[in-house]
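Notes for the one structure printed next.
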Amino acid sequence: MLLQPLWTALLRHSALLRAPLFPVSFSLTAYLCCCAPYLLLDLLAPHWPPLRRYRLEPGPPLGGGTVLLCLCLVLQNHLLFILPLTLLHWYLTPAHLPAEAPPLPRLLAQVLVCLLVFDLQSFVWHLLHHRVTWLYRRVHKVHHTFSAPSAPAAEYSSAWETLSLGLFAAATPPLLGLHPLTRLVFFWVNVWLSVEAHCGYDLPWAPHRLLPLGLHGGAPHHHLHHLHSSCNYAPYFTHWDRLAGTLRRPRPHPELKG
């Protein structure tokens, strides 16, 4: 089993995996690690013209003060709202860590299933919060504070939005009875895709360029949503927007290659 050495190594730190603060620490670590490469690109872009061709907006990236504002709100939401719920879950449901790792094909298939389920949940939630004016003003408008995309703004959202979308991501793997390692991989991939969708770059190795038939929207897809707010409600894939008639394809950036 290809994943057994990795899982065995993690089990040596089982006390950490069972710790009440682990879910919040893991969530923040995943977010910061996924943001870091794009923040580096934001620092380099003003001084490196070849990199600017991949930016979706011609203007400069978010300034340091705005990035700090995003990070502070993410930290606040985690400490004030997510942490109490994770402590309650830790108290009511002790973590079960099996000795055997899942087979790699099963893990990959189950992560894909979780992403598809989360994509549907988020699409319905997102569409509802744009169509119902009260919900948009009271809940979702915070996330649309910045029209220009930036990785740290991926989780710049109200407490209710953070909790509801976090609940979708946290509840699906246990309901499907997935292995703890599969849950960790799904959560990390989910955070990375969310950050990538807000990163503001159409890079050659981005997921939407690697998957065929336009199945994955990626950063250009979500960038259009932040510009117009009336299209592209699914966070990752394009099939639900296509079925609902809310899909809007981005035009090729004039400075982007193929």
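The values are calculated or read from the model by the stated rules, or taken from the named source; none is laboratory data. Note that this is a predicted model, so its numbers are computed, not measured. So basically every Cβ, Gly included, is an ideal-geometry build from the backbone, and we count neighbours across all protein chains shown.
Quick check on H140: is it in a helix (DSSP H, G or I) and either buried (at least 18 other Cβ atoms within 10 Å of the Cβ) or in contact with a strand residue (DSSP E or B) (Cβ under 9 Å, 6 or more places away or on another chain) (or both)? Criteria met by H140.
For (1) crowded, with 20+ Cβ neighbours inside 10 Å; (2) over 16 Å from P149 (Cα atoms); (3) in contact with a Lys or Arg (Cβ under 6 Å, 6 or more places away or on another chain), each residue gets a yes or a no:
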| site | (1), (2), (3) |
| --- | --- |
| W192 | no, no, no |
| H198 | yes, no, no |
| A206 | no, no, no |
| P212 | no, yes, no |
| L215 | no, yes, no |
| P220 | yes, no, no |
| L227 | no, no, no |
| L247 | no, yes, no |
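Enumerate the pairs (first residue in the range 136-157 and more than 18 Å from C34 (Cβ to Cβ); second residue anywhere and part of a loop (DSSP other than H, G, I, E, B) and among the β-branched types (V, I, T)) with beta-carbon separation below 9 Å, excluding pairs fewer than 6 apart on the same chain, so at least 6 apart or on different chains. If the second residue must be part of a loop (DSSP other than H, G, I, E, B) and among the β-branched types (V, I, T), no pairs are left.
Note on the range 98-137: residues that are more than 13 Å from F237 (Cα to Cα) and among the polar types (S, T, N, Q) total 2. Taken over the range 49-68, the criterion of being part of a helix (DSSP H, G or I), within 20 Å of the chain's Cα centre (by Cα) and in contact (Cβ under 8 Å) with a residue 24 or more places away in the chain is satisfied by T66, V67. Restrict the check to the range 178-196 and report whether at least one residue is assigned to a loop (DSSP other than H, G, I, E, B) and either small (G, A, S) or under 30 Å from G65 (Cα atoms) (or both). Scanning the range 178-196 turns up no residue that is assigned to a loop (DSSP other than H, G, I, E, B) and either small (G, A, S) or under 30 Å from G65 (Cα atoms) (or both). Taking every residue in the range 27-40 that is closer than 21 Å to P60 by Cα and acidic (D, E) and pairing it with any residue that is outside any helix (DSSP H, G or I) and modelled with pLDDT of 95 or more, at least 6 positions away or on another chain, yields no pair with a Cβ-Cβ distance below 9 Å. Say whether the condition of being in a loop (DSSP other than H, G, I, E, B), under 19 Å from T172 (Cβ atoms) and in contact (Cβ under 8 Å) with a residue 24 or more places away in the chain is met by at least one residue in the range 100-109. Yes - at least one qualifying residue is present in the range 100-109.
Checked against (1) surrounded by 11 or more Cβ atoms within 10 Å (Cβ to Cβ); (2) not in a helix (DSSP H, G or I), P94 passes all but a single condition, namely (1).
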